[in-house]
Each structure stands twice: as structure tokens, then as C-alpha cells.
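This report refers to the structure that appears directly beneath it.
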């Protein structure tokens, strides 16, 4: 009895551990980026078995950009998903909506589980039915009849006495292998310290170049306000001076010289004579203080006489 | 449960084969395999039928500046046959088919063919160099630095070609490189007035 309780307890602990491990691997991982989670639901059309979020193929990168751009325009994730399904067909969904025979596929695991459990359940029910009247002496006096009524036809008595041994051995093998499997799953669940932050490296390494390309194309199309927003997002992730200066340039073109000047000064604080920063500062100052702008732009020309923008700046200074 | 009466030899002695569960398991596995094969087959079959590139579907919008800075709008070319080629200078097969496209433009432009290249995630310098190199300067090239236009057309990669008929509908879609034979077979019938 004590052994049975101990075994049940161990089984319960292992089951709990297995459930915990499964939950940890499937639960949503903290606050998620909607663009990334949508990309993770889509199959990359140019690759085998990779999601749009994970693929390095250019078309997947373009799809990520399209998703970010549409979300930035205020479309809801469902609308963006519907748009991509219209473009690529429902087969780009990693989990297509199940209908018809495909639904049976989802039922298969449950069916397998039932098929596995049903014999055990039947046996358990039979055993309890048997043990209820077994209180009387009838069961003990007629063991052969109780266990295998069919085998009485032949050399029933010999078979009946030898049958329980292999059946018990078989059951024991089933039980041991089931417990081993559970122990394995539970052990893996307990031994894994934490799910490694797997999407993180991809998201931190990936989005900035994509955002920069997106912002640049927005600039090319003349939508400086939107481009500035994208640069700001990129800057939050990667506070780099060249992104600050790109943002400053976009702001100058969209008429927000104050913020551009502040950004250029930020860069100059760490690199006092950086030509690009001087150029942005000078261009930003032109909106407010023409004289200061002249001084800054001359400093820029002195620093970098061969800069690609130098000729243009000389013309600007000459014209006043 | 019915079990095999015959004991197995050697190591397996004492273990009886449970036929019913075994057969059930095999049946379920076979069902799963059959369904899996069936659905993946359906997926492939639906690829051409459902998406926007299906023949007869209206061509997606295509309006942006060309590489040379001129405005371009596909809607303004209604009444002409337009061959939209999704390409990039970093893609080998695309480089190889440019000469063929330039030749198609020369051959059929008088009869109303317009060849347009959508240059996906590429730099303007690289594509200009490529056009010079392949003698394809006569093509209209639309830079698509983010690739979102290619996504709008449902392109799965490069190269990929869409043939838009005079009514602005997708007539043919060809993933992968083009051949002179494909152009002959698909473009010639559309050229008939």
C-alpha cells in the first residue's frame, strides 16, 4: 500500500513537472512586438520550413518591412495578415485554418491517446468489478473461471495458472517505460534553466538595418515626417551617431530645425569636429541664426574640404 | 483483450503481441500520413488559384518614380501589354535574363509592349552599372529599396515575371528565369490587336 502511494506521488510530481515544462515552452514570451509575432505566423514563401521572422531571404526581409510599414500606418495586425494572404494565398499561414479532412488531422493525437488509454481503462474497470465480489470465497475457489473463461475449453487449468505471469510482466514493462518517458520529459523540463531568450538576438540585430532602409525609401518618396518617426524608432534601439545625423537631416527637410540642432550638438559633444555633425548643425542653424550657420558651415568646409556636400555648401555660402 | 496464443521465441518469450492496439496504432499512423500528404498536395495546388497573381486577377497598383526620376503609373498603360519583371542586381539569373528583356522591348514595343523592371532591395548605382553592362538601358526600372512593391505583387523571390494584358489583368505569372521560348509563347498572342 505504501509503495503504491509513493509510486502515485512520484507519478503526480513527474506529470506536474512535464506540464510545467510544456507550459514554459509554449507560453507567450513577455510583451511581444506585433510585427515580429505576425512575421512568426507566416511561412517564408521563398524558403523551406522557415518563418518570415526567421528567414534571411530578401523577400522575407521585404515582407517584414511591409508588415512594419503597414502597422506604422495604423493598420491592425489582422488587416496586415489578410493583405498578405490576398497576395500570397492562405498557404503562407504557418497554421492554416483547418477544415474538411484536415480537421481529422488535429483529432489524430487525441485519438491515439484514447486508443492508448482505453485498454488500460477497460482493464481497470474489470479489475474493480472483480474485486467487489472477490470479498466472498467464490473468487478464490474458482480462479480459472474468473480470469480466462475461454481457455477452459482446452487445457484450461494449466494455462490459467501460467497466464498471470506474462500478463503481469507485460503490464510492468508498459508501466516502467511510461514512467521512464515521464521521467525523461520531467528531467528535461527541470534541467533546462530557462528558455534561452531566443527571439531577442534576432530582433535586436535585425530590425535596425530594415528600419533604416525603410526610412531612406520614405525620404526618397518625400515623406520626411514618416521617415523621421522610423529613424526615431531605430535610434531608440541603437543610439548611434550616424542615425542621429540621418534623423537630423530628415528633420531639417521637414522644417523641424530645433530638434535637428539639438541632435547635431549631441553628436558634436562626443566628437567635437565630426564634419557631418558640423554640416547638420550649420544647416539647422540656417533656419534660426544665419550668422552662426555661416560660421559653422565654414568650420565644416575647413574640416572636410573634399566632402561630397562641400561644393553645394560653398555655393550656398557664396549666395548668402 | 485478444492476444496471440503462441509465445514468441528467445528474449521476447513471455510478451504477447496485442494485435488490436497495434493495428489501431498503425491505422492511425497511416491515416495521419495520408492526410498529411493530401493536405500538403492541396496546398501546392491552391498556390496558383488563390493569390493575387492568379490569371485574370487585376494587376496590383504600380506607381512610383523610375530610376531616371520620371513618374510611372501602370494604370496609365491600360491598352498596352506590360511585362513586369521583379529583379535585382544581386541575383545571378536576373542579370542573365536582362538582355532577353531588352530584346523583347526592342522587338515588341512598336506593337504595344512595355517592359518594366522592379528592382528589389538594391542600390541605384549597382543597378545602373548592371543596365549599362547588359545593354538594357531601354527598360523602365522602378527602384523598390524595401521590396514592399514586390510583396504587393505577391512575388516569392527573384526573378519573377508578371505579364499584364491590355485590360490591366494578370495574364501569366512565371516564377524563375525567363526563356526566349516563354516570351514567344506568351507575349505573341497578347500582341494581336
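Nothing in this text is a laboratory measurement; each read-out follows from the coordinates by a stated rule. For clarity, every value in this text was computed on a predicted model and none was experimentally measured. Using ideal geometry, Cβ is built from the backbone for each residue, glycine included, and neighbour counts are taken over all protein chains shown.
Points to keep in mind about this one:
- Spatial offset of segment A:20-66 relative to segment B:59-96 amounts to 30 Å, using the alpha carbon center of each.
- Ranked by how many other Cβ atoms sit within 10 Å of their own Cβ, fewest first, the residues A:83, A:224 fall in the order A:83, A:224.
- Between segment A:230-309 and segment B:164-185, the alpha-carbon centres lie 49 Å apart.
- Calculated FRET value between residue A:128 and residue B:33, using beta carbons and R₀ = 35 Å, to 0.05: 0.40
- Residue by residue along B:112-122, Cβ atoms of other protein chains within 10 Å of the local Cβ number 1 on average.
- Exposure proxy order (Cβ contacts within 10 Å, fewest to most) of B:72, A:249: B:72, A:249
- Residue A:20-residue B:179 pseudo-label distance in nm [points 7 Å out on the Cα-to-Cβ vector]: 6.2 nm
- Prolate/oblate/rounded label for segment A:275-320 (Cα gyration tensor, a/c 1.5): oblate
- Estimated FRET transfer efficiency (residue A:94, residue A:56; beta-carbon r; R0 22 Å; 0.05): 0.80
- Order of B:160, A:219, B:133 - criterion: other Cβ atoms within 10 Å of each residue's Cβ, fewest first: B:133, A:219, B:160
- Counts of other chain beta carbons within 10 angstrom of each beta carbon in peptide A:55-67 average 5.
- With R₀ fixed at 35 Å, the C-beta to C-beta distance from residue A:111 to residue A:27 puts the FRET efficiency at about 0.85.
- Label point at residue A:273 placed 7 Å out along Cα→Cβ; residues across segment A:306-320 whose backbone nitrogen lies under 15 Å: A:306-307
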